[in-house]
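Since every read-out is calculated from the coordinates, none of them should be taken as a lab result. From a predicted model like this one, the values you see are computed outputs, not experimental measurements. No Cβ is skipped: glycine too gets one built from the backbone with ideal geometry, and neighbour counts run over all protein chains shown.
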Amino acid sequence: MQNPFESGHIKNYVLLYASVVLIMILFFIATSLFHEAQDVEKKVFNTELKKSEESKDIKLEKKFTLEFKLMESSY
C-alpha cells in the first residue's frame, strides 16, 4: 500500500472532504431559505362545567356514599 502523502492522493481526499462539507452547507442554506414557519393558533379549552355534568357528579357521590359503609371493626 502506498502512502497517500507521498503519492499525491491526499489532494483527492481533501477535495472529497471539502466537497461533502460544501454540499452539507448548501443543503442547510436551501432548507433555511425555503422553509416557511407556520403560525400555530393557540387552543382555548372550555373549562366551565355544564349543569347536567355537575348534577351527574353529585348523584354519583350520593350513590356511592349510600351503598358503601365502613366496617365497625378493623382486622
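If you filter the stretch 1-51 for trypsin sites (Lys or Arg not before Pro), then keep DSSP loop positions with at most 10 other Cβ within 10 Å, what is left? Numbers along the way, then the final one.
On the way: sites: 11, 42, 43, 50, 51; in loops: 42, 43, 50.
Answer in residue order: 42, 43, 50.
By how many nm would the segment from residue 23 to residue 43 grow when fully extended, if each residue of separation counts as 0.36 nm and the alpha-carbon distance is taken off?
Between residue 23 and residue 43, full extension yields an extra 3.2 nm.
Work out, step by step, the length gained on full extension between residue 12 and residue 73: first 0.36 nm times the residue separation, then minus their alpha carbon distance; give nm to one decimal.
Working: separation 61, 0.36 × 61 = 21.96 nm, distance 8.91 nm.
Result for the pair: 13.1 nm of gain on full extension.
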